[in-house]
Amino acid sequence: MYRYDEFDAAIVYDRVKQFRGQVERRLSGELSEDEFKPLRLMNGLYLQLHAYMLRVAIPYGTLSSKQLRKLAHIARKYDKGYAHFTTRQNVQYNWPALVDVPDILDGLSTVEMHAIQTSGNCIRNVTSDQYAGATAEEIEDPRPWCEIIRQWSTLHPEFSFLPRKFKIAVTASDHDRAAVRVHDIGLRLHKSLTGEVGFEVIVGGGLGRTPIIGPTIREFLPKKHLLSYLEAILRVYNLYGRRDNKYKARIKILVNAEGVDRFREQVEQEWALIKGSDLDLPVCEIDRIRVYFSPPVFERLPHESASLKESIQSDDGFARWVRVNTAAHKQPGYAIVNISLKPIGGVPGDATDAQMEAAADLAERYSFDEIRVTHEQNLCLPHVKKDNLFAVWTTLKQHDLATANIGLVSDIIACPGLDYCTLANTRSIPIAQRISERFADFDVQENLGEIKVKISGCINACGHHHVGHIGILGVDKKGEEFYQVTLGGSAAEDACLGDIVGRGLSSGEVVDAVERLVDFYRGERNDGERFLDAYRRLGPGPFKEALYANA
Amino acid sequence: MKAVTANRLADGRVVYLAPDGAWTERLVNAAIFENIEAENALASLGASAIEFADAYLIEVHTDGYPSGREALRETIRNSGPTIRTDLGKQAENG
Ligand code: SF4
């Protein structure tokens, strides 16, 4: 894992000290709320429905057990015993008191964490594939590149006041777990025909009010030019992006207005001026950062584990969990373990202090001290020996963390919605809970296969509803909660936006409607065909009929 | 009818302006104003006040419960998350 150098440590330390002073000045009345608000937002501190909300950055979703224990400690000491993992691979506290926030930030800084650039019109926390460094699919570990981008973008003076916020995601696998096509910039490491590794550069994707699947503006960018090319994109955006209208300020609007070709030309022109300058890191610096992400020292093991086989045969619950929640590791004898934060009827993405500590202990003992946060609001232990899976599962079960539903219909993304969020139209979490309860039977879920349900409480789309196989958007109709369903979206390598199929459904109708959709799919599917593929084959018509059948 | 609401500066808790000019945590104890009076009460709070942040008006019934288009939002603010009845004011009032 990356470790802070003296610069990182100094930046974070200075920022906490500065913010402590700003809080004192606000409390004494020296600063007005109008003056203070932008300062607190620069430190990830929002004011939500019930209280302040502190958003803490988890760079590319990677945590050590020490860091996760600190997050648990903060939840217990300063909050209400839990924290919320978000679709941005970040973590949020829902109840911190302003007077405690400087101490919380102090505590975070002792484990090399902070809340810088988790808000505001700057380059936000870079996100990545939660299987980075563990999956056999990847060309190389994408995280050194995330870290290089993090260092370049941290407090970048030219890009601290962009027209709007800016999100970058990086992946290095064909199977896209980082949703790179719905970010301001998506980077996909791949091999050229000559075998050289470089980036496909996707610009101007995004969700929200104007959802767009990002177009590729460069098929292949040699790795060494990453920073100069990113800088060129950001300069064009900073110069031409709209600042007169917040809803038209994201880079996707600029790319759309200019057209991909013209936008590309502008970037290439800008790039010509800085390409090969000292923005582009020398190989030795890239290698220096890469060392931090060297693979752990794996044991040489056979592919199969005899003890795992035995446990699978003797315990059906364990067997199911292995089938559903573990993924193939590049190293023989190891597996990737997904920890579901979606218990049946639970709040998606919430974890208690005790659960975080349990996950941290497991990571320390069984996963080379690493935990990942996924954009689907789950956790992941990237490197677990197959021999240890049963022990890991047993502990997870004790902490209600062993729900075997990764990728299934109850593994729902839901934003906080009107239960917490001041921008919400409607609640999201109760809909997720009711759908999860409706499909509580694990045989049924597993038989249904991959179905991605994603729920947002307003058009800002933090719950990624546009790219859900089944997307649900909360809309307010004269003070009543209604839900607009979209179908056929995907955030993966086959990214596409869902179709809006018709009028909104009341909160009483929506869960039955989802069940009818799923029943229809079950009746129509071919062997092994996913919900999304059946939808693509049959088209919206019959699904729409099913959705509104009883209405 | 209207009431004035805000978040308490030091800890962010939802508060309402009481008839004596102090802040109360309970909407039932809040001052209820006619529309114009409410605007005046809000305007007279002063922007640099050190007890609260983000003050605004909400619609309420005469009995002190949220009404109008934002009734659900304000009910949730006044009670706590509907999915965690162990949290927020609903957990303390009972
Ligand atoms: S989608 Fe809307 S309601 Fe949900 S968290 Fe984002 S801003 Fe809040």
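Taking Cα pairs under 8 Å and at least six residues apart, what relative contact order does the stretch A:342-424 come out at, in percent? Spell out each step's value before the answer.
Values: 71 pairs, mean separation 27.5, N = 83.
Normalised by residue count, the contact order of the stretch A:342-424 is 33 percent.
Using alpha-carbon pairs under 8 Å, 6+ residues apart, how would you state the relative contact order of the stretch A:108-265 in percent?
Working: 295 pairs, mean separation 29.1, N = 158.
RCO, the stretch A:108-265: 18 percent.
If you count, for every residue in A:432-439, the Cβ atoms of partner chains within 10 Å of its Cβ, what is the mean? Can you show the working numbers first?
On the way: counts 1, 1, 0, 0, 0, 0, 0, 0.
Taking the mean over all residues of the peptide, I get 0.
Let a ≥ b ≥ c be the square roots of the eigenvalues of the Cα gyration tensor of the stretch B:2-88; is it rounded (a/c under 1.5), or, if not, prolate (a/b larger than b/c) or oblate? Mind showing how you got there, number by number?
Details: a/c = 1.94, a/b = 1.21, b/c = 1.60.
Verdict is oblate for the stretch B:2-88.
Please compute the alpha carbon radius of gyration of the protein assembly as shown, then divide it by the globular-protein estimate 2.2 N^0.38 Å. Two decimals is fine.
Values: Rg = 24.8 Å, N = 645, 2.2 N^0.38 = 25.7 Å.
Dividing the Cα Rg of the protein assembly as shown by 2.2 N^0.38 Å gives 0.97.
Do you know the relative contact order of chain A, to the nearest whole percent, from alpha carbon pairs under 8 angstrom that are 6+ apart? Intermediate values should be presented prior to the final figure.
Details: 1173 pairs, mean separation 67.8, N = 551.
Relative contact order comes out at 12 percent.
So, R0 is 25 Å and r is the distance between the beta-carbons of A:Ala257 and A:Asp34; what FRET efficiency does that work out to, to 0.05? Intermediate results must be reported in sequence, preceding the final value.
Working: r = 32 Å, r/R0 = 1.29.
According to the calculation, E is roughly 0.20.
Restricting attention to the stretch A:300-389, which GluC sites (Glu not before Pro) occupy a DSSP loop and are surrounded by at most 11 other Cβ atoms within 10 Å? Present the calculation step by step, with values, prior to reporting the outcome.
Working: sites: A:Glu304, A:Glu310, A:Glu357, A:Glu364, A:Glu370, A:Glu376; in loops: A:Glu304, A:Glu376.
Taking the stretch A:300-389 and a limit of 11 other Cβ atoms within 10 Å, the loop GluC sites (Glu not before Pro) found are A:Glu304.
More than 20 Å apart: what percent of Cα pairs in the stretch A:9-76 qualify? All intermediate terms of the calculation are to be shown ahead of the outcome.
Numbers: 936 of 2278 pairs.
More than 20 Å apart: 41 percent of the Cα pairs in the stretch A:9-76.
Can you pull the one-decimal nm distance between simple spin-label points at A:Arg503 and A:Asn526, each 7 Å off the Cα toward Cβ?
3.6
How would you rank A:Tyr82, A:Tyr292, going from fewest to most other Cβ atoms within 10 Å of each one's own Cβ?
Arranged by neighbour count, lowest to highest, A:Tyr82, A:Tyr292 become A:Tyr292, A:Tyr82.
Is the C-alpha gyration tensor of the stretch A:413-548 telling us rounded, prolate or oblate? Criteria: a/c under 1.5 is rounded; beyond that, a/b larger than b/c is prolate, otherwise oblate.
On the way: a/c = 1.66, a/b = 1.57, b/c = 1.06.
Judged from the Cα gyration tensor, the stretch A:413-548 comes out prolate (a/c at least 1.5, a/b above b/c).
Can you give me the distance in nm between label points at A:Leu239 and A:Thr194, each placed 7 Å from the Cα along the Cα-to-Cβ direction?
Here the answer is 3.0 nm between the modelled labels.
Counting only other chains, what is the mean number of Cβ atoms within 10 angstrom of the Cβ of each residue in peptide A:25-32? Can you show the working numbers first?
On the way: counts 0, 5, 3, 1, 5, 2, 2, 6.
Taking all residues of A:25-32 together, the mean is 3.
To make sure I understand, if each residue's beta carbon is the centre and we count other beta carbons within 10 Å, what order do B:Lys2, A:Lys191, A:Lys330 fall in, fewest to most? Let's see the in-between values first.
Details: B:Lys2 23, A:Lys191 11, A:Lys330 16.
In order of increasing Cβ crowding within 10 Å: A:Lys191, A:Lys330, B:Lys2.
Taking the Cα-to-Cβ direction at A:Val475 and at B:Val28 and moving 7 Å from each Cα, how far apart do the two end points lie in nm?
3.8
Taking beta carbons within 10 Å but only from partner chains, what does the mean come to for residues B:73-82? Walk me through the numbers before you get to the answer.
Details: counts 10, 1, 0, 8, 5, 2, 1, 4, 12, 6.
Mean partner shielding for this stretch: 5.
Exposure proxy check: A:His464, A:His329 ranked by fewest other beta carbons within 10 Å?
Details: A:His464 24, A:His329 21.
Ordered from fewest to most neighbouring Cβ atoms within 10 Å, A:His464, A:His329 come out as A:His329, A:His464.
Please report, largest first and rounded to whole Å, the three semi-axes of the ellipsoid equivalent to the stretch A:142-289, where each semi-axis is the square root of five times an eigenvalue of the C-alpha gyration tensor.
Details: eigenvalues 109, 62, 44 Å².
Semi-axes, largest first: 23, 18, 15 Å.
Every number in this text was worked out from the coordinates using simple rules, so none of it is lab data. Every value quoted in this text rests on a predicted model; they were computed, and no experiment measured them. Backbone-built Cβ (ideal geometry, glycine too); neighbour counts: all protein chains shown.
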